[in-house]
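Working notes, structure below.
The values are calculated or read from the model by the stated rules, or taken from the named source; none is laboratory data. Keep in mind the model is a prediction, meaning the values are calculated, not measured. Positions of Cβ are generated from backbone atoms using ideal geometry, with glycine treated the same way; all protein chains shown enter the neighbour counts.
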């Protein structure tokens, strides 16, 4: 009998897993269960709109999955519309590819003030995620502060400083473009708790920040401490060395004087409090020094006796890491924030295998790596799944008709691959009229209307 | 002439699989693979065959003469990766 596999989450990890599975077992019946009416997860909702070239990966995903018979079952939430146990009654195996859906907090006073956000909320908003379109970011202030030195931080900084003309040629959500048109932000300060050598930016993202039209990049007092010099020489990666070279170059070049906007990189700074009367008005920041701990890791420690610096700002975006959330009906590791697993085979916290249940992507390994990392990750999980297939029992309801009957009852607004094709066609056609790569439909109602034929 | 990988590389390893002369690094399993932000083409080994261009799902590979202006750093960066590598030992 053909193995039947449900993949929960149609993001990059799920897509790579489906493609990989179909290569290994051409007879497998694969169904994506996706919470949104649209597939490809962070490729659509995370990758920045000014990085369109990366979005071309969706063509590969389509060709390797939906075009090969994988079904897309969108606008269905596993855990609410259908349960894990129900999936297990309909599929030989269930692969969780749900990612890391929440962000880490800073744990400082004032974090809950209006005007203090997770950077990922801004990302979901400007990328047209239907659950975020109604967020209202106050862009009437002149200074924003972004906390964190990773690529999401770099993305939001670019989106806040790039000209509206440039953004208008991307697939940024229309509501975000309208709001950014009225933005009064002139300066974005980026705080990094450690130094230039430890910044998690890729050199590609850092280089872009230094070359935006009409934007000056200020690297304040760039100098490398002896701890970093030593670390860079004996353990530093090619990216870390490239980043340091770039930052030195940026620090030494003359200011781009006539620039209407400015990015300020501030290293060795940690936020200690966000302040304001009813909304964000300022952030207090302390200075750090780097120490090398016994295991060789470089840590930031607050400098004693230094004065706290206050930066006036009206918007604070934190980007200091992501976390998966527990899923109903399956085990969860509350410390590592992943499904407990070995090479993708899910087990209970006590170590007992949960037969037929697998994990892939961020819910498996934590929020690390880039898009292509999921390809190797998916291969590992699928290798295990294929090896186990013969030993897995056939589900009690091993046919597509039974799933369809269940979904007809639970998910009346189901969006299938055909529905997604109609949405895609609609968005691309609007894009072509406006000379943009795509114009996104950013509410569930609009998406569902476009997905219904006629 | 050589082909060059630009910063929009997603480390999908399709190019490595098709390269007939094994000039794209780091490879999965190499010690520096996980920390690499992108893959690089060794200009001293590349035979200019364009198999990697065809394989790349995000069009991140360009012929040296056709690199877009915004990626003008890429030729030097690909070379530099291998220059630095030769001083610390070759990856697998």
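Details
- Qualifying residue in the range A:216-227 (condition: within 14 Å of chain B (Cβ to nearest Cβ) and either closer than 23 Å to residue B:34 by Cα or surrounded by fewer than 15 Cβ atoms within 10 Å (Cβ to Cβ) (or both)): no
- Note on the range A:194-215: residues that are buried (at least 17 other Cβ atoms within 10 Å of the Cβ) and away from chain B (no Cβ under 14 Å) amount to 4.
- Within the range A:297-355, strands (runs of 3 or more DSSP E) holding 2 or more residues that are under 18 Å from residue A:268 (Cα atoms): A:298-302, A:309-312, A:315-318
- Hits in the range A:18-40 - residues which are away from chain B (no Cβ under 14 Å) and either at positive phi or assigned to a helix (DSSP H, G or I) (or both): A:18, A:21, A:22, A:24
- Qualifying residue in the range A:418-437 (condition: in contact with a helix residue (DSSP H, G or I) (Cβ under 6 Å, 6 or more places away or on another chain), part of a helix (DSSP H, G or I) and more than 13 Å from residue A:75 (Cβ to Cβ)): yes
- Only listed residue being in contact with a helix residue (DSSP H, G or I) (Cβ under 9 Å, 6 or more places away or on another chain), outside any helix (DSSP H, G or I) and on the phi > 0 side of the Ramachandran plot, chosen from A:110, A:128: A:128
- For residue A:230: the one exception among (1) more than 14 Å from every other protein chain (Cβ to nearest Cβ); (2) closer than 21 Å to residue A:191 by Cα: (2)
- Comparison of A:17, A:13 shows that the only residue that is touching a strand residue (DSSP E or B) at 6+ places or on another chain (Cβ under 7 Å), buried (at least 23 other Cβ atoms within 10 Å of the Cβ) and within 30 Å of residue B:6 (Cα to Cα) is A:17.
- Residue A:312 satisfies every condition listed in (1) modelled with pLDDT of 95 or more; (2) closer than 26 Å to residue A:141 by Cα; (3) buried (at least 16 other Cβ atoms within 10 Å of the Cβ) except (3).
- Helices (runs of 4 or more DSSP H) wholly inside the range B:8-92 that include at least 2 residues being away from chain A (no Cβ under 11 Å) and in contact with a strand residue (DSSP E or B) (Cβ under 9 Å, 6 or more places away or on another chain): B:51-55, B:74-88
- Meets criteria (within 14 Å of chain B (Cβ to nearest Cβ) and out of contact with any strand residue (DSSP E or B) (no Cβ under 8 Å at 6 or more places or on another chain)) for residue A:372: yes
- Residues of the range A:158-190 satisfying the condition of being under 19 Å from residue A:143 (Cα atoms) and not in a helix (DSSP H, G or I): A:162, A:163, A:182, A:183, A:184, A:185, A:186, A:187, A:188, A:189, A:190
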